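The values are calculated or read from the model by the stated rules, or taken from the named source; none is laboratory data. If you're wondering where the values come from, they're calculated on a predicted model, not measured in any experiment. All Cβ positions, even for glycine, are placed from backbone atoms using ideal geometry, and neighbour counts span all protein chains on display.
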């Protein structure tokens, strides 16, 4: 009986300890594994990336080109139209290398290039960059399933860097949807797809970093900027939104290393739609034009022109017998709207103008001398050599350097100027008639130097007044205020631009 009592006591004790442990556990902190805040949203985004990649990859192609090395040897490393100039800017040693090889004769050998593209029509139409296929003797298109096809047609528009390829006899092609790049906003998630370094189809993610970028690598630019990784070989591949719609063609990168550094650029798909349709229909791009040289507005220019802001495109030059000349537009006019569409930047004006119906009249809203005017303009087809010539938007360029006379004194702007003779204009490289005074000297660190004025340029207007002699220039300066800013129309053989010369108030 005593032994049984002992066992019962032991059992009761154990049960008591267990109960105590259970009760005590209620007051101890429990370690519960919970998802971090936002993890569910991150998983949803990951699923979206996965679904978009799965949907679009069958429509992305790798492009391989074959050409003759002799064609490359014939490129002049000092030619402004050399397609390798961007490479030379980033790696000057390559220009020296090509200079050494210039003129050398070598036996032709096959060279290969690579890039990306994507299908936009199940009939076998592929989009890519023109720089991917330019100069190629053969363009091979490799589909996602591994099948290879030789492009039977290659249509290019070098002004926008867009090309359309056609392949035949390909089965079960899947076309990508073309979206609306105007709807893309800074901060939107995007995916870039292509064949970087020929490693195979690759998907990278990032955001839209900026819009309406211009790099000076093509004559028609309105790039979307993204930090999605873009590397050599990605050119021609699509930039996609989270719906799987194409919003751009990956085209270029800004890089010191030659690889991705988070600054990539894509041609907006709304530009691509129109140009690709032109190439498919006509084999070339038929653009409307006004025949003007334009420049963006700065705050200083805006104040001098009595504008409310910096939206608009400033006319710096009007070509003779152009649609703009026939419409009586003037240098110094600012275009705010065309065909009912607002014009905030020079790129926007170019995009609106070139897609207008040729030989049709449209209304433009402009500002002239502080007053708004509505002007009818009949656009015409752009001549083929218009964009290839010197009539490109720019900062006025630099004329040929002429000796700086020591006997003359600098005026209040920090300039030495002389009457422009016909022989001097010809020597400076002006092909058309130009009137004004020529800059013969610029005082270092002066207001004129800070405005970018250079020796050899011609001043055609002061504060909106045309000048044709040194006397007229001096008279115009008397009524101008350096403190408020003096607006000058500067001309050089490469174009015209307005600049504001202003003192720093000291």
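Looking at region 212-222, can you tell me whether even one residue there is closer than 30 Å to residue 47 by Cα and outside the structural domain of residue 355 (by TED's automatic domain parsing)? There is no residue in region 212-222 that is closer than 30 Å to residue 47 by Cα and outside the structural domain of residue 355 (by TED's automatic domain parsing). Taking the conditions (1) in a helix (DSSP H, G or I); (2) at pLDDT 90 or above; (3) more than 30 Å from residue 130 (Cβ to Cβ) in turn, residue 303 satisfies each one other than (2).
Going through region 474-486 one residue at a time, which ones are closer than 19 Å to residue 410 by Cα and surrounded by fewer than 22 Cβ atoms within 10 Å (Cβ to Cβ)? Give the steps one after another, and end with the answer.
The first filter runs over region 474-486 and keeps only residues closer than 19 Å to residue 410 by Cα, leaving 474-483, 485-486.
If the condition is that a residue be closer than 19 Å to residue 410 by Cα and surrounded by fewer than 22 Cβ atoms within 10 Å (Cβ to Cβ), then 474, 475, 476, 477, 478, 479, 480, 481, 482, 483, 485 are the ones that fit.
Does residue 332 meet the test of being modelled with pLDDT of 90 or more and not in a strand (DSSP E or B)? Yes, satisfied.
Would you list the strands (runs of 3 or more DSSP E) that sit entirely within region 212-283 and hold 1 or more residues that are crowded, with 16+ Cβ neighbours inside 10 Å and more than 17 Å from the chain's Cα centre (by Cα)? Give the derivation first.
Working: elements: 223-226, 238-240, 246-253, 264-268.
Fully inside region 212-283 and qualifying: 238-240, 246-253.
Taking region 335-367 as the range and being in a helix (DSSP H, G or I) and closer than 17 Å to residue 307 by Cβ as the test, the residues that pass are 346, 348, 349. Reported count of residues in region 457-473, each being surrounded by fewer than 20 Cβ atoms within 10 Å (Cβ to Cβ) and under 15 Å from residue 416 (Cα atoms), is 4. All conditions but one from (1) touching a helix residue (DSSP H, G or I) at 6+ places or on another chain (Cβ under 6 Å); (2) part of a strand (DSSP E or B); (3) buried (at least 21 other Cβ atoms within 10 Å of the Cβ) apply to residue 192; the one that does not is (1). Please determine whether any residue of region 320-332 is in contact (Cβ under 8 Å) with a residue 12 or more places away in the chain and in contact with a helix residue (DSSP H, G or I) (Cβ under 7 Å, 6 or more places away or on another chain). No: region 320-332 contains no residue that is in contact (Cβ under 8 Å) with a residue 12 or more places away in the chain and in contact with a helix residue (DSSP H, G or I) (Cβ under 7 Å, 6 or more places away or on another chain).
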